[in-house]
Amino acid sequence: MAPTATLPSTLGELKRAIASGSFLRRSVKDELRANLLARLRDGQPLFPGVIGYDDTVVPQLVNAILSKHNFILLGLRGQAKTRLLRALTSLLDAEIAVIPGCEIHDDPLAPICGACQSRVAAEGDAMPIVWRDAGRRYVEKLATPDVTIADLIGDVDPIKAAKSGFELGDARTMHYGLLPRANRGIFAINELPDLASKVQVGLFNILQEGDVQIKGYPVRLPLDVVLVFSANPEDYTARGKIITPLKDRIGSEVRTHYPRTREEAISITTQEAWTNRPSAVPIEVPDYIREVVEEIAFQARLDSKVDRRSGVSQRLSITALENVISNAERRAALCAEPMVVPRVSDLYASLPALTGKIELEYEGELKGAEAVARELVRSAVANVFDGYTSHTNLKPVIAGFDQGGTVDSSDTTSAEALLTATAAIAEFDDLLERMGVTASPSAAGRASLADFVLEGLCAMKKISRTEEGRIEGSPTERKARQRDDTRQSDLRAMLEDEGEEPQGPRGRKKYYN
């Protein structure tokens with residue numbers, strides 16, 4: 001398309017430009033189809049910022065557009081449905097010519113409202129035109145139960161009739177709803193099942209015949225518009241439903257999904273989360289932190305205590321990572337550390353970002369949202385830690401704790417204090433080296449890795465954490481050690497009573513019941 005400075009400014013100039021081939025006149029669906037095909041040929045990305053749909057959702061969406069269908073995106077919450085709909089504007093032409101002042105953005109070459117038809121007849125080729133950009137051609141409405149036919153389609157406007165002096169039956173007194181105002185563009189309705197059934201009926205004509213009828217007027221407006229919808233499939237029975245005749249008139253039904261792999265989920269969260277934040281000290285987020293955050297969502301989607309029909313939004317991972325970094329910032333500020341490096345233990349400080357994003361089944365309600373969230377965090381930590389240490393010998397470190405080693409740790413423990421405490425555990429520092437995890441050489445980075453080991457061993461129940469936050473050997477091993485100590489004490493007391501000393505391993509053995 002020509003630069004804005006050379007765009008036609010009158011109807012006559014527009015006609016000559018179209019006749020010469022400088023501009024194309026086509027419907028909205030033809031625009032989307034032609035521009036989409038051009039992108040496919042050029043190998044350009046179709047929906048930048050949408051990750052994980054290249055082999056599943058995008059091909060179905062492309063087919064719907066190429067078929068010139070109105071379509072609906074069905075999926076659970078947090079599956080980028082609205083983002084996909086809004087990205088459709090990138091497939092529209094940069095600008096189109098409209099009649100200035102027209103509420104429904106009439107085509108100067110084929111106006112459909114009475115006022116614009118009269119104006120074209122009166123002014124002819126000298127009539128001025130204006131240009132409307134692609135962003136303004138997208139109209140979106142969130143469906144709520146209080147939306148009426150008047151909101152979507154239109155109604156009689158008695159105030160306009162009184163001010164203009166026209167009769168109420170005159171078409172020039174019509175009040176246009178959102179759908180006519182989206183003429184020559186894209187009209188999106190989010191959460192379609194929330195629309196009342198009688199309002200859904202009002203969409204029959206535009207989906208099948210391509211026109212709308214406004215109450216009280218014997219007028220049919222042939223709109224040039226693409227209708228797209230989004231809905232949660234469970235809403236069919238939860239809050240409302242899409243009536244069968246309306247579903248029958250929607251050309252294509254495209255189902256979205258959550259990320260299929262941890263790598264895709266990490267890419268989405270990295271793109272969406274507020275991690276590149278202004279800070280007086282550098283912020284570094286280790287890979288294992290990102291993996292654990294994503295694994296929480298994967299664990300929640302499989303947990304029997306979480307309502308799977310409601311879904312677990314990708315927003316859970318996004319807000320959890322933001323909270324984890326914020327807690328690390330708080331610790332760095334309290335301890336005056338020169339670098340911010342989140343730890344796995346910071347995940348427990350992010351529970352407020354988790355509990356509000358999971359709907360619980362009856363069993364989960366009995367346990368409570370916070371208890372369920374803690375279990376999910378532990379499961380995620382254990383899964384990721386096992387992946388990092390499956391070929392690493394953990395027994396020397398576990399034995400160090402079972403033999404009485406302890407570490408006092410909290411989400412505000414400084415890096416130096418944590419490293420000093422773990423250095424007293426036999427072979428702990430050697431384990432950090434053997435794991436092969438790339439970590440920052442700074443004290444904060446090594447402390448984060450040490451915390452990962454501690455929380456991983458706790459999650460796998462190899463060691464334990466007391467209510468006071470002290471990490472020590474597993475309860476089973478401690479009880480066994482206490483029993484052995486008690487038996488040895490009893491044995492020594494009995495031998496002393498008999499005037500004998502207990503023999504060493506090479507001496508005489510005595511057995512007591």
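The values are calculated or read from the model by the stated rules, or taken from the named source; none is laboratory data. Owing to the predicted nature of the structure, the values given are computational and were not obtained by experimental measurement. Every residue, glycine as well, gets a Cβ built from its backbone with ideal geometry; the counts of neighbours run over all protein chains shown.
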Point to revise | Condition broken by G21, with the remaining ones in (1) over 27 Å from T256 (Cβ atoms); (2) small (G, A, S); (3) touching a helix residue (DSSP H, G or I) at 6+ places or on another chain (Cβ under 8 Å) satisfied | key: (3)
Review point. How about region 256-276: which of its residues are touching a strand residue (DSSP E or B) at 6+ places or on another chain (Cβ under 8 Å) and at pLDDT 95 or above?
Key: T256
Study note, to complete from the structure: Residues of region 379-396 being within 22 Å of the chain's Cα centre (by Cα) and of a type outside the set (G, A, S), in sequence order, are V381, V384
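Conditions tested, residue by residue: (1) at pLDDT 95 or above; (2) within 26 Å of L419 (Cβ to Cβ); (3) not basic (K, R).
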residue: E322; (1), (2), (3): yes, no, yes
residue: E329; (1), (2), (3): yes, yes, yes
residue: A353; (1), (2), (3): no, no, yes
residue: I358; (1), (2), (3): no, no, yes
residue: Y362; (1), (2), (3): no, no, yes
residue: K367; (1), (2), (3): no, no, no
residue: E370; (1), (2), (3): no, no, yes
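Tell me whether region 49-60 contains one or more residues that are surrounded by 15 or more Cβ atoms within 10 Å (Cβ to Cβ), hydrophobic (A, V, I, L, M, F, W, C) and more than 19 Å from the chain's Cα centre (by Cα). Write out each step before concluding.
Start the filter on region 49-60 by keeping residues that are surrounded by 15 or more Cβ atoms within 10 Å (Cβ to Cβ), which leaves 50-53, 57-58, 60.
Checking the rest, the ones that are also hydrophobic (A, V, I, L, M, F, W, C) come to 50-51, 57-58.
In the following step, the residues that additionally are more than 19 Å from the chain's Cα centre (by Cα) were identified as none.
The answer is no; no qualifying residue exists.
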Review point. Is there any pair with a first residue in region 256-281 that is within 14 Å of A328 (Cα to Cα) and a second that is part of a loop (DSSP other than H, G, I, E, B) and β-branched (V, I, T) whose Cβ atoms are under 8 Å apart and which are 6 or more apart or on different chains, and what are they?
Key: T275/V285
Revision key, fill the gap. Okay, helices (runs of 4 or more DSSP H) sitting entirely in region 145-241 with 2 or more residues that are surrounded by 14 or more Cβ atoms within 10 Å (Cβ to Cβ) and modelled with pLDDT of 90 or more, I get 149-152, 178-181, 197-201, 204-208
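Within region 377-455, considering only helices (runs of 4 or more DSSP H) that don't extend past its boundaries, which have at least 1 residues that are touching a residue at least 40 places away in the same chain (Cβ under 8 Å), touching a strand residue (DSSP E or B) at 6+ places or on another chain (Cβ under 8 Å) and over 22 Å from E295 (Cβ atoms)?
The helices (runs of 4 or more DSSP H) meeting that bar are 395-402.
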**Study point:** Single unsatisfied condition, E365 versus (1) touching a Gly at 6+ places or on another chain (Cβ under 8 Å); (2) more than 15 Å from F298 (Cβ to Cβ)
**Key:** (1)
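Restricting attention to region 342-353, does a residue exist that is more than 30 Å from G311 (Cα to Cα), in a loop (DSSP other than H, G, I, E, B) and not small (G, A, S)?
Applying the first criterion (more than 30 Å from G311 (Cα to Cα)) to region 342-353 yields none.
No, region 342-353 contains no residue that is more than 30 Å from G311 (Cα to Cα), in a loop (DSSP other than H, G, I, E, B) and not small (G, A, S).
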Practice item. Return yes or no: is G404 modelled with pLDDT under 95 and at positive phi? Key: yes
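Would you point out which residue out of A332, A328, A336, A349 is under 16 Å from T412 (Cβ atoms), surrounded by fewer than 17 Cβ atoms within 10 Å (Cβ to Cβ) and not polar (S, T, N, Q)? Please lay out each step first, then the result.
Numbers: A332 fails: surrounded by fewer than 17 Cβ atoms within 10 Å (Cβ to Cβ); A328 fails: surrounded by fewer than 17 Cβ atoms within 10 Å (Cβ to Cβ); A349 fails: surrounded by fewer than 17 Cβ atoms within 10 Å (Cβ to Cβ).
Checking each option against the conditions leaves just A336.
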Check your understanding: Do we have T438 as more than 19 Å from G473 (Cα to Cα) and out of contact with any helix residue (DSSP H, G or I) (no Cβ under 6 Å at 6 or more places or on another chain) here?
Key -> yes
**Study point:** One residue from S410, S379, S464, S390 being small (G, A, S) and at pLDDT 95 or above
**Key:** S379
